[in-house]
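Engineer: Encoded as structure tokens, here's the structure I'll be asking about.
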Amino acid sequence: MLNWAARYYPILRALKPQLSKGDSLLEIGSGSVGIGMFYRARFVGCEIKFADPPKAPMLPVVASAMNLPFEDRSFEGVVVSDVLEHVPPGLREVVIKETLRVASKIAIFGFPSGNKALEYDLKLAEIYDRSPQGRPEWLDEHLRYQPFPTAALFDELPPEWTVSSFDNENVGFHNWVMKQEMYRLGRRIFRVLLTFLPQQMESLLRRVDREPYYRKIVVAQRTR
């Protein structure tokens, strides 16, 4: 769906040049599909509980992001997409520390960030509250675990890590997509477009990476 493409396309653009063929990849908080919708190589997906059966090419692992069952530097790449906003603020640094522990090359974090992102999530919650389906649990968690995470969480990483960041997805476009995906027809149209016109859709999504932004993407690379 287009919401997934908006957050995974820029992550993949940052990730792929850093990974060699055969390098291992972990996604923390993957859900049942995760990055596998756009990344065709095998990867490990980690969730506390899979609500739906995991789909290939994912290798599913049930575990907490705060206590990963992997050895240090087990994966060349680790992705944590739209997860930190579901973690209580006092525990976010624990998730970051565990992520970096198991990453040997690169770790990429994406998360809603800033007052505008919160403002638009509140607007989206009002729309869901007026709909027959009601407010989804993921959105409830966004609003429960305020404030939203920021790039300041990465200001004091160990010296072996270098950090860069960039912004992703206009808040108005994000909410428009989310409203369309509330309904089966919207999800179906976006799926068809992404299946048959992936390059054109990626080009479109690049154009909506403009202020005010919904999401921050932080890239941590290990230097030694």
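Each value in this text was obtained by applying a stated rule to the coordinates, not by laboratory testing. These figures come from a predicted structure and were not determined experimentally. In this analysis, Cβ positions are derived from the backbone assuming ideal geometry, glycine residues included, and neighbour counts consider all displayed protein chains.
Engineer: Which residue, Ala41, Ala107, Ala152, has the most motion in a Gaussian network model of the chain that connects Cα atoms within less than 10 Å?
Structural biologist: Checking each option, the largest mean-square fluctuation is seen for Ala152.
Engineer: Compute, for the chain, the length of the dipole vector about the Cα centre, with Cβ point charges of +1 (Lys, Arg) and -1 (Asp, Glu) only. Units Debye, rounded to 20. Working shown, then result.
Structural biologist: Numbers: 30 positive and 27 negative charges, 166 e Å.
Magnitude of the dipole: close to 800 debye.
Engineer: Given the C-alpha centroids of region 133-169 and region 170-208, what is the distance between them in whole angstrom?
Structural biologist: Comparing the Cα centres of region 133-169 and region 170-208, I get a distance of 22 Å.
Engineer: Of the DSSP beta bridges with both residues in the chain, give the percent that are antiparallel, rounding to the nearest 5.
Structural biologist: On the way: 17 of 34 bridges.
DSSP beta bridges in the chain are roughly 50 percent antiparallel.
Engineer: Just to check, using Stokes-Einstein with a Kirkwood Rh over alpha carbon pairs, what's the diffusion coefficient of the chain at 20 °C and 1.002 mPa s in µm²/s?
Structural biologist: On the way: Rh = 17.9 Å.
Calculated translational D: 120 µm²/s.
Engineer: Hand me the tally of lysine pairs in the chain: alpha carbons under 19 angstrom apart, and the pair either on different chains or 8 or more positions apart. The partial results should precede the final answer.
Structural biologist: Numbers: Lys16/Lys105; Lys16/Lys216; Lys21/Lys105; Lys97/Lys105; Lys97/Lys216; Lys116/Lys179; Lys116/Lys216; Lys123/Lys179.
Close lysine pairs under the 19 Å cut-off: 8.
Engineer: Cα gyration tensor of region 6-81, axes a ≥ b ≥ c as square roots of the eigenvalues: rounded (a/c below 1.5), prolate (a/b > b/c) or oblate?
Structural biologist: Oblate is the answer for region 6-81, as a/c is 1.5 or above yet b/c matches or exceeds a/b.
Engineer: Can you give the relative contact order of region 2-222 as a percent, counting alpha carbon pairs under 8 Å and 6+ residues apart?
Structural biologist: In percent, rounded to a whole number, it is 22.
Engineer: Loop-only check: which GluC sites (Glu not before Pro) in region 149-199 are DSSP coil with at most 13 other Cβ within 10 angstrom?
Structural biologist: The qualifying sites are Glu156, Glu160.
Engineer: Now for a different question. Which one, Tyr183, Tyr120, Tyr39, has the greatest fluctuation when you compute a Gaussian network model over the chain with C-alpha springs under 10 angstrom?
Structural biologist: Fluctuation is largest for Tyr183.
Engineer: Among Tyr8, Tyr128, what is the fewest-to-most ranking by other Cβ atoms within 10 Å?
Structural biologist: Working: Tyr8 23, Tyr128 17.
With the sparsest Cβ surroundings first, the list reads Tyr128, Tyr8.
Engineer: Moving on. Going by C-beta contacts inside 10 Å, put Met182, Met58 in order with the fewest on the left.
Structural biologist: Met182, Met58
Engineer: Would you mind ranking Val78, Val192, Val33, Val44 so that the residue whose beta carbon has the fewest other beta carbons within 10 Å leads the list?
Structural biologist: The fewest-first ordering by Cβ neighbours comes to Val192, Val33, Val44, Val78.
Engineer: Hey, got a sec? Which trypsin sites (Lys or Arg not before Pro) in region 64-152 land in a DSSP loop and have at most 11 other Cβ atoms within 10 Å?
Structural biologist: Taking region 64-152 and a limit of 11 other Cβ atoms within 10 Å, the loop trypsin sites (Lys or Arg not before Pro) found are Arg130.
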